[in-house]
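For reference, the structure is listed below as structure tokens.
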Amino acid sequence: QNFNFTLTNNQIKIIEEINDDLKSDFKMFRLLQGDVGSGKTIISFLAAANVIRSNCQVTLMAPTEILARQHYNLAMKIFKSANITIEFLTGKSLEKEKKLIHESLSNGKINFLIGTHALFQKKILFDNLGLIIIDEQHKFGVKQRKSMSDKGGNNCDILLMSATPIPRTLVMTVYGDMDLSVIK
């Protein structure tokens, strides 16, 4: 309802693929690939809304503070009429803010946490993390993505987004380690 545009048939199809993964008994590990401006963020936010509606938390990690802030601002606009608590965390966040976020996150008061590399720090503990979204996933190391995944445990779904996936990522989609959705 808060969109000022209509989703394309391809975007709707991809949302259905992701929703099928989210409802399945298996952990989702999906790459959402599409050009800049193709709608990856909107699709990820719709997935986030479905996970939050299921009483789980969501986190979105971006490689730069500017990109993370853009995601945060868009999320605040899109979810303005929803009863969703969204917070923003980077390495530059004030210590007082970080402490409040740590407490609110671990007791489940934050539904959606958006930020940068600061999200995979050991102090960041979720109450019930259900979905991890990583934008420009190729800019994070395997160990960094693994440490994020560990925060959600065995049942936490993972959605990676990229406009330019690296060859290693594409190989993972070919050999069955990762599902692929392409926005056309």
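The values are calculated or read from the model by the stated rules, or taken from the named source; none is laboratory data. From a predicted model like this one, the values you see are computed outputs, not experimental measurements. Remember, those area values only see protein heavy atoms, side chains included, never the ligands or the DNA or RNA. Shrake-Rupley method; radii C 1.70, N 1.55, O 1.52, S 1.80 Å.
One table, with the values for the structure above:
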read-out	value
Non-local Lys pairs in region 53-124, i.e. 8 or more apart or on different chains, that have alpha carbons under 27 Å apart	24
Accessible area (Å², 1.4 Å probe, nearest 10) - ASP157	10
Residues whose placed amide H lies under 5 Å from that of THR85, excluding near-sequence neighbours	ASN111, PHE112
Ellipsoid equivalent to the chain - semi-axes via the Cα gyration tensor, in Å	24, 19, 16
For the chain, accessible area per residue (1.4 Å probe, heavy atoms of protein chains only), Å²	54
Kyte-Doolittle mean at least 0.5, axial Cα span of 18 Å or more - DSSP H helices of the chain	40-53
